[in-house]
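Enquirer: I'd like to ask you about the structure that follows.
What follows is calculated from the coordinates using simple rules that are stated; it is not laboratory data. All of these numbers come straight from a predicted model, not from anything done at the bench. Ideal geometry is used to build each Cβ from the backbone, glycine not excepted, and the neighbour counts take in all protein chains shown.
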Amino acid sequence: MFTIRQATKDDITLIRRLADEVFPKTYKDILTPEQIMYMMDWMYSADSLWKQMEVEGHIYFLAFCQEDAAGYVSIQQEEEDLFHLQKIYVLPRYQQAHCGSALFHHVVGYIRSVHPSPCRMELNVNRHNPALHFYHRMGMTPVREGDFPIGNGYYMNDYIMSLDIR
């Protein structure tokens, strides 16, 4: 059983610690070590996380198994009827314990609570990420794909998946 709470700026160090463990393992067979390091700094430096929370409107939630932090998710409203699932990562030891499902369902519930009319949630997922199966199980469908430059000559080679929320 997982408990989930909204993160605050005081949790930036914890989010970074979780990312340090899960992000490189997730992408070790997909991206070069150099791109992983670049993306870690780009997405998970203290300054980047602060800006995401305070300027860009990312809402982070943290999952805990008893007192142990197990994973995190980030959602951002991009348009009136469009939310973007920016990040969802679970520590490897909790990936078969349905922590990802708990975080996913929590964020869908959050969206329903702040946007009671129908809307859509999208996410970008690397085309080679094994988590594609997870997103399909959660009801998401691929709607398009793209190669998005992120700087330093690197690209995110993603499917954009979508879920209608009613």
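Enquirer: Filter segment 113-126 for residues that are surrounded by 14 or more Cβ atoms within 10 Å (Cβ to Cβ) and not in a strand (DSSP E or B) and give the result.
Expert: Passing the criteria: only His115.
Enquirer: Being farther than 17 Å from Leu62 by Cα and either within 16 Å of the chain's Cα centre (by Cα) or assigned to a loop (DSSP other than H, G, I, E, B) (or both) narrows it down to one of Leu14, Leu18, Leu31, so name that one.
Expert: One residue alone meets the criteria, Leu31.
Enquirer: Starting from segment 148-166, take each residue that is free of Cβ contacts under 8 Å to residues at least 60 places away in the same chain and list its partners that are hydroxyl-bearing (Ser, Thr, Tyr), counting only C-beta distances under 7 angstrom and pairs at least six apart or across chains.
Expert: Every condition considered, the pairs that remain are Phe148/Tyr155; Pro149/Tyr155; Met161/Tyr135; Met161/Thr141; Ser162/Thr141.
Enquirer: Out of everything in segment 1-59 that is among the small types (Gly, Ala, Ser) and surrounded by 19 or more Cβ atoms within 10 Å (Cβ to Cβ), what residue ends up being farthest from Gly109 (Cα to Cα)?
Expert: Ala19
Enquirer: For segment 157-166, enumerate the residues that are outside any loop (DSSP other than H, G, I, E, B) and either more than 17 Å from the chain's Cα centre (by Cα) or closer than 14 Å to Leu85 by Cβ (or both).
Expert: Asp158, Tyr159, Ile160, Met161, Ser162, Leu163, Asp164, Ile165
Enquirer: Determine the pairs where a residue that is over 15 Å from Val125 (Cα atoms) and touching a residue at least 60 places away in the same chain (Cβ under 8 Å), located within segment 21-34, has a partner that is of a type in the set (Ser, Thr, Tyr) and outside any helix (DSSP H, G or I) with Cβ atoms under 8 Å apart, the partner being 6 or more residues away or on another chain.
Expert: Between residues of segment 21-34 that are over 15 Å from Val125 (Cα atoms) and touching a residue at least 60 places away in the same chain (Cβ under 8 Å) and residues that are of a type in the set (Ser, Thr, Tyr) and outside any helix (DSSP H, G or I), the close pairs are Val22/Tyr89.
Enquirer: Something else: Which condition number does His106 fail, the rest of (1) touching a residue at least 60 places away in the same chain (Cβ under 8 Å); (2) assigned to a strand (DSSP E or B); (3) buried (at least 16 other Cβ atoms within 10 Å of the Cβ) being met?
Expert: All conditions are met except number (2).
Enquirer: Give me the residue from segment 134-143 that is over 15 Å from the mean Cα position of the chain (by Cα) and on the phi < 0 side of the Ramachandran plot and, out of that set, surrounded by the most Cβ atoms within 10 Å (Cβ to Cβ).
Expert: Pro142
Enquirer: Next up: Hey, can you tell me all the residues within segment 128-156 that are in a helix (DSSP H, G or I) and among the aromatic types (Phe, Trp, Tyr)?
Expert: Result: Phe134, Tyr135.
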